[in-house]
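Reading through the C-alpha cells given below for one structure.
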Amino acid sequence: MDAPPLNLRFTSEAAGVLRELEGDAHLAKKLAKVRRALGRLQVDPRYPSLQSHKYTSMKGVNGEDVWDSYVENKTPSAWRIFWHYGPGANEITVVSITSHPK
C-alpha cells in the first residue's frame, strides 16, 4: 500500500512566489511546472525527475537539512524548490521556490 501524501507547508517567501506566479498570466507555464514538481514532492521526495539532493549552503530555521529539487532542468536559470522535512511528521516545509543560485 502506498504511503499517504506528505503535507506541504510554505514559508511566507515560498507562498509569496506562488502568489506572484498565479497573478501573472505570462508565467502560466512556469506555474504549471512548479505545481507539477510540488505534487511529485508531496507524493515522493525521491521522485526521479526531481533529482532531490541535500543543499549544503543552507539550513532550515532550526538547523534542518535543506533539500534542493528540480522544477526544471537544462534550462537557463532553471527553477528549484528548496525544502526540509518537518516540523511535524509527514510534513515538508517549502522554504523557497526560485531560479537556481549560481
inquiry  = I'm trying to understand the selection: among the residues of the range 57-69, which are among the small types (G, A, S) and surrounded by 12 or more Cβ atoms within 10 Å (Cβ to Cβ)?
reply    = G60, S69
ask   = What is the number of the single condition among (1) exposed (fewer than 13 other Cβ atoms within 10 Å of the Cβ); (2) at pLDDT below 95; (3) touching a strand residue (DSSP E or B) at 6+ places or on another chain (Cβ under 6 Å) that N7 does not meet?
value = (2)
inquiry  = Anything in the range 62-102 that is hydroxyl-bearing (S, T, Y) and more than 18 Å from P5 (Cα to Cα)? List them, or say none.
reply    = Y70, T75, S77, S96, T98, S99
Subset of the range 44-73 that is small (G, A, S) and out of contact with any helix residue (DSSP H, G or I) (no Cβ under 6 Å at 6 or more places or on another chain) - its residue that is farthest from V94 (Cα to Cα) = S49
ask   = Across the range 4-18, what is the total count of residues that are more than 13 Å from the chain's Cα centre (by Cα) and either within 13 Å of L41 (Cα to Cα) or in contact (Cβ under 8 Å) with a residue 12 or more places away in the chain (or both)?
value = 2
ask   = Does K54 satisfy the criteria of being of a type outside the set (F, W, Y), surrounded by 12 or more Cβ atoms within 10 Å (Cβ to Cβ) and not in a loop (DSSP other than H, G, I, E, B)?
value = no
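Let's see how each residue does on (1) polar (S, T, N, Q); (2) in contact with a Lys or Arg (Cβ under 8 Å, 6 or more places away or on another chain); (3) at pLDDT 95 or above:
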{"residue": "R19", "(1), (2), (3)": "no, no, yes"}
{"residue": "A32", "(1), (2), (3)": "no, no, yes"}
{"residue": "R36", "(1), (2), (3)": "no, no, yes"}
{"residue": "K59", "(1), (2), (3)": "no, no, no"}
{"residue": "W83", "(1), (2), (3)": "no, no, yes"}
{"residue": "T98", "(1), (2), (3)": "yes, yes, no"}
Every residue from the range 70-102 that is hydroxyl-bearing (S, T, Y) and either surrounded by fewer than 18 Cβ atoms within 10 Å (Cβ to Cβ) or touching a residue at least 60 places away in the same chain (Cβ under 8 Å) (or both) = T75, S77, Y85, T93, S96, T98, S99
query = Can you tell me which residue in the range 52-102 is nearest to R36 (Cα to Cα), limited to those that are small (G, A, S) and touching a His at 6+ places or on another chain (Cβ under 9 Å)?
reply = S69
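The values are calculated or read from the model by the stated rules, or taken from the named source; none is laboratory data. Quick caveat: nothing in here was measured; it's all calculated off a predicted structure. So basically every Cβ, Gly included, is an ideal-geometry build from the backbone, and we count neighbours across all protein chains shown.
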